[in-house]
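Peer 1: Here it is: the structure, laid out below.
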Amino acid sequence: MMQMDSYRINHARVGRAFSSSAVSYDEHAVLQREIGDRLLAHITCSNIAPSRILDVGSGTGYFTHLLHQHYKKADVTAVDIAQAMLYYARAKRRIRMPWHGMRHYAAADACALPFADASFDLVCSNLALQWVARPALMLTEMRRVLAPDGLMVFSTFGRRTLCELRHALAHIERDQGGLIVPFPDVMAMGNALAELPIEVPVVDSDLFTLTYPNTMALVRELKGLGASSSAIEGRPAGLYGRRLLRELTTYYETHYAASDGRIHATFEALYAQAWFKEAPFSIDIPIHVHG
Ligand SMILES: C[S@@+](CC[C@H](N)C(=O)[O-])C[C@H]1O[C@@H](n2cnc3c(N)ncnc32)[C@H](O)[C@@H]1O
């Protein structure tokens, strides 16, 4: 079973990779929006009426906007490690809607949130957890800033994501499978949640198969999304060199092409939600021993 705390991801590099893809992100993020829509449905089923909402790893702001549209009176805070993502999200939101609550933007690391304990009624994150070196720490932070009776909800990509690409890279050169960030499995996520003082964690998943005209289209999409292998410690930037791309294309298109010639790629989305639970308190009852 994969440990939730074992990733070799460099947060500064993640921030740079996503900053440099801020402009191209929306063009490629069709699946990310679909998963965001489904995550919102998980929240709206819960009947919560939050007035302070936090969106962690907010990117170009699609999910932040969904939250604001649904909870019009709420103050929504968007946090991201990539400054350019935040600038872009803010620039997209030019029209002021005075009947809406406030929207705030903060550049910060999800593992060190710059907010006081119990600051938000709803703490969300759509597809950021897989980019964090210590996912359990990010979840602890999300729980820390959650107010009593609040809800935390997030999605991440699961272990089966890009399994074809991982197999192809591992086949070409032994350790190249490590070019893709390790995604958590449902069990690991459930275990990490079970460590937190929260109530009834619910974990759910969806499997998507996307098709592309060729391998380069898949690689281009991953780059456009900022999904860079350079975020992994010890990996140089731009590792998809010409030789690797040639071999990858041959292997991928031999093994993962449909009869129409398009290649396919698997993506697994994991969703989780849990309510705030006060830490169990203990009462010291003096015990008298009569001898
Ligand atoms: C796949 S994008 C998702 C963006 C957005 N939530 C959406 O639904 O489109 C992941 C986002 O998480 C941010 N991110 C990654 N690691 C982070 C960290 N340690 N702290 C804060 N944000 C982080 C990235 O900069 C990026 O904007």
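Peer 1: Taking Ser24 and the conditions (1) touching a helix residue (DSSP H, G or I) at 6+ places or on another chain (Cβ under 7 Å); (2) near the ligand (Cβ under 8 Å from one of its atoms), which numbered condition does it fall short on, given that it satisfies the others?
Peer 2: (2)
Peer 1: Quick one: which of Leu207, Leu165, Leu169, Leu196 is away from the ligand (no atom under 15 Å from the Cβ) and in a loop (DSSP other than H, G, I, E, B)? Even if it seems obvious, please write down each step before you answer.
Peer 2: Values: Leu207 fails: in a loop (DSSP other than H, G, I, E, B); Leu165 fails: in a loop (DSSP other than H, G, I, E, B); Leu169 fails: in a loop (DSSP other than H, G, I, E, B).
Unique residue meeting the criteria: Leu196.
Peer 1: Between residues in the stretch 114-132 that are under 20 Å from Thr60 (Cβ atoms) and residues that are of a type in the set (D, E, K, R) and within 15 Å of the ligand (Cβ to nearest atom), which pairs lie under 6 Å by C-beta distance while being six or more apart or on different chains?
Peer 2: Final answer for the pair search is Cys124/Asp55.
Peer 1: Let me ask you something else. Look through the stretch 17-56, keep the residues that are among the small types (Gly, Ala, Ser) and outside any helix (DSSP H, G or I), and return whichever of them is farthest from Asp206 (Cα to Cα).
Peer 2: Going through the qualifying residues, I end up with Ser51.
Peer 1: I'm trying to understand the selection: among the residues of the stretch 209-218, which are exposed (fewer than 15 other Cβ atoms within 10 Å of the Cβ), within 22 Å of the chain's Cα centre (by Cα) and of a type outside the set (Val, Ile, Thr)?
Peer 2: Leu210 - this is the single residue of the stretch 209-218 that is exposed (fewer than 15 other Cβ atoms within 10 Å of the Cβ), within 22 Å of the chain's Cα centre (by Cα) and of a type outside the set (Val, Ile, Thr).
Peer 1: Among the listed residues Ala78, Ala89, Ala84, identify the single one that is within 10 Å of the ligand (Cβ to nearest atom) and not in a helix (DSSP H, G or I).
Peer 2: The conditions single out Ala78.
Peer 1: Answer yes or no as to whether Val14 is more than 8 Å from the ligand (Cβ to nearest atom), in contact (Cβ under 8 Å) with a residue 24 or more places away in the chain, out of contact with any strand residue (DSSP E or B) (no Cβ under 7 Å at 6 or more places or on another chain) and in a helix (DSSP H, G or I).
Peer 2: No.
Peer 1: I've got another one for you. Please work out if Asp55 is within 10 Å of the ligand (Cβ to nearest atom), of a type outside the set (A, V, I, L, M, F, W, C) and under 14 Å from Met152 (Cα atoms).
Peer 2: Yes.
Peer 1: Name the single residue that is nearest to the ligand (Cβ to nearest atom) among those in the stretch 108-127 being among the small types (Gly, Ala, Ser) and out of contact with any strand residue (DSSP E or B) (no Cβ under 6 Å at 6 or more places or on another chain).
Peer 2: Per the stated criteria, the residue is Ala112.
Peer 1: When you look at Gly234, is it of a type outside the set (Ser, Thr, Tyr), touching a Phe, Trp or Tyr at 6+ places or on another chain (Cβ under 7 Å), at pLDDT below 90 and on the phi > 0 side of the Ramachandran plot, yes or no?
Peer 2: no
The values are calculated or read from the model by the stated rules, or taken from the named source; none is laboratory data. Everything quoted here is computed from the prediction, not taken from an experiment. Note that we place each Cβ from the backbone using ideal geometry, even for glycine, and neighbour counts take in every protein chain shown.
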